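Working notes, structure below.
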Amino acid sequence: MNIILIILVFGVIIFFHEMGHFAVAKLNHITVREFSMGFGPKLFSFKKKETQYTLRLIPLGGYCMMLSEDEEENERDENSFDKKSVWARMATILAGPFMNFVIAFLFSMVIIHFCGSDPAEIGGVYDSSNIQEYTQDGTDPFNGTYPAADAGIQAGDTVLKINGSTIKNFRELQIYLEIYNSSDPIELTLEREDGTVYDTTVYPAEVGGSYKIGIMSIGRVLPESFGELCRYSLYETRYWVKATFLSLKLIFTRQVSSDEISGPIGVASSMNQTFNEAAKSSTIDLILNWMNYIVLLSANLGVMNLLPIPGLDGGRFLFLLIEAVTRKKVPKDKENLVTMIGFVLVMLLMVVILFNDIKNVFFG
């Protein structure tokens, strides 16, 4: 059962990504030669009009192959990708990642409808009067120093910014504090329940080897209207997009080790564990967890594909952007060379991640 759910997670995000390319290509009268789900050996295929629809063995990708000027017999075909305006080509390339964000938003709506969202509202502040209620052994982990309370923060306040960075979810605040993990002062902008906005400085205290400021979340809040549901869903999608960029920053600045980077096998292993636990609770929990992985990975795929790396959608878009600015096409041979180099580097990176996955999942 779990293996089917895992394949469906990858299938959904890949299908809608490629469908984005496909739909906008069709709108611009670009001939699509093949719409493929998966890579490797062909499992099933049929042709409708000029497009071959294919299902392949390895469910870790897909492609939407469009007619190109590279094909000599079609170099004069007005329906080839390269014959269309630069704006039509840009829209076609961007449609894939855009659809990933749309899918993340739509699935977030379902999850939040049932589970609610976590607004950045403070549900409680640790101080000397309540600290004993939240410790199992009766000790004070803050040793009498309560950063948030000392900074004048109160329950009911909503955090708007942390060190100048706007936040919408309580998880954004938690992740920032975990990564920040320092006693250095933190600048917060908050809003009181009466609408008053104020700034304050918090000095995190060391608690159990990490630095905390002594606040609690208000918990999950269910939307009270369709407009609120849309807003919370937008915040949820925004959160996962921000989390992806933050993860990339940590990787490039070497703040995380290679052992902490997961590829398809690592993600599948994580999904398997989550689905096993969710299934013990209820079918609805299993479905919602399945949807949550679609949101996470769809937002991730959308961001990754927009990176200006040759071989990815972002790399192709960069060439089109250069063409739009200079009004001259980048020579095809040079574009193909750079794209090939980028593709090889991406494949090498995937091999490294796959090896790391195997090591962590099976031998870690």
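General observations
- Filter pass, I265 being surrounded by fewer than 20 Cβ atoms within 10 Å (Cβ to Cβ), over 21 Å from M350 (Cα atoms) and not small (G, A, S): no
- Among the residues of the range 36-54, those identified as farther than 20 Å from N100 by Cα and either assigned to a helix (DSSP H, G or I) or in contact with an Asp or Glu (Cβ under 8 Å, 6 or more places away or on another chain) (or both) are T51, Q52, Y53, T54.
- The range 310-334: number of residues that are surrounded by fewer than 18 Cβ atoms within 10 Å (Cβ to Cβ) and in contact with a helix residue (DSSP H, G or I) (Cβ under 7 Å, 6 or more places away or on another chain): 5
- Some residue of the range 18-27 being closer than 26 Å to S269 by Cβ and under 30 Å from the mean Cα position of the chain (by Cα): yes
Here's the yes/no breakdown for (1) aromatic (F, W, Y); (2) in contact with a Leu (Cβ under 6 Å, 6 or more places away or on another chain); (3) more than 22 Å from R89 (Cα to Cα); (4) modelled with pLDDT of 90 or more:
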position	(1), (2), (3), (4)
V12	no, no, yes, yes
E18	no, no, no, yes
K26	no, no, no, yes
H29	no, no, no, yes
V32	no, no, no, yes
E50	no, no, no, no
I58	no, no, yes, no
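- Residue within the range 88-99 that is within 22 Å of R327 (Cα to Cα), of a type in the set (K, R) and in a helix (DSSP H, G or I) present: yes
- Flag if E224 is among the acidic types (D, E) and within 22 Å of G144 (Cα to Cα): no
- Considering the conditions (1) loosely packed, with under 14 Cβ neighbours inside 10 Å; (2) of a type in the set (G, A, S); (3) under 29 Å from the mean Cα position of the chain (by Cα), S217 is excluded by exactly one of them, (1).
- When D77 is tested against (1) part of a loop (DSSP other than H, G, I, E, B); (2) under 29 Å from the mean Cα position of the chain (by Cα); (3) among the charged types (D, E, K, R), exactly one condition is not met: (2).
- L94 vs. criteria surrounded by fewer than 19 Cβ atoms within 10 Å (Cβ to Cβ) and under 30 Å from V295 (Cα atoms): no
- Selected residue (criterion: surrounded by the fewest Cβ atoms within 10 Å (Cβ to Cβ)) from residues of the range 1-35 that are within 25 Å of I294 (Cβ to Cβ) and in contact with an Asp or Glu (Cβ under 8 Å, 6 or more places away or on another chain): F35
- When the residues of the range 193-231 are filtered to those that are of a type in the set (D, E, K, R) and under 18 Å from Y176 (Cα atoms), the one that is modelled with the lowest pLDDT is E206.
- T244 vs. criteria under 26 Å from L177 (Cα atoms), among the polar types (S, T, N, Q), over 14 Å from the mean Cα position of the chain (by Cα) and in a helix (DSSP H, G or I): no
The values are calculated or read from the model by the stated rules, or taken from the named source; none is laboratory data. Please read these numbers as outputs of a predicted model, since none were measured by experiment. As a convention, Cβ positions derive from the backbone with ideal geometry for all residues, glycine included, and neighbour counts pool all protein chains shown.
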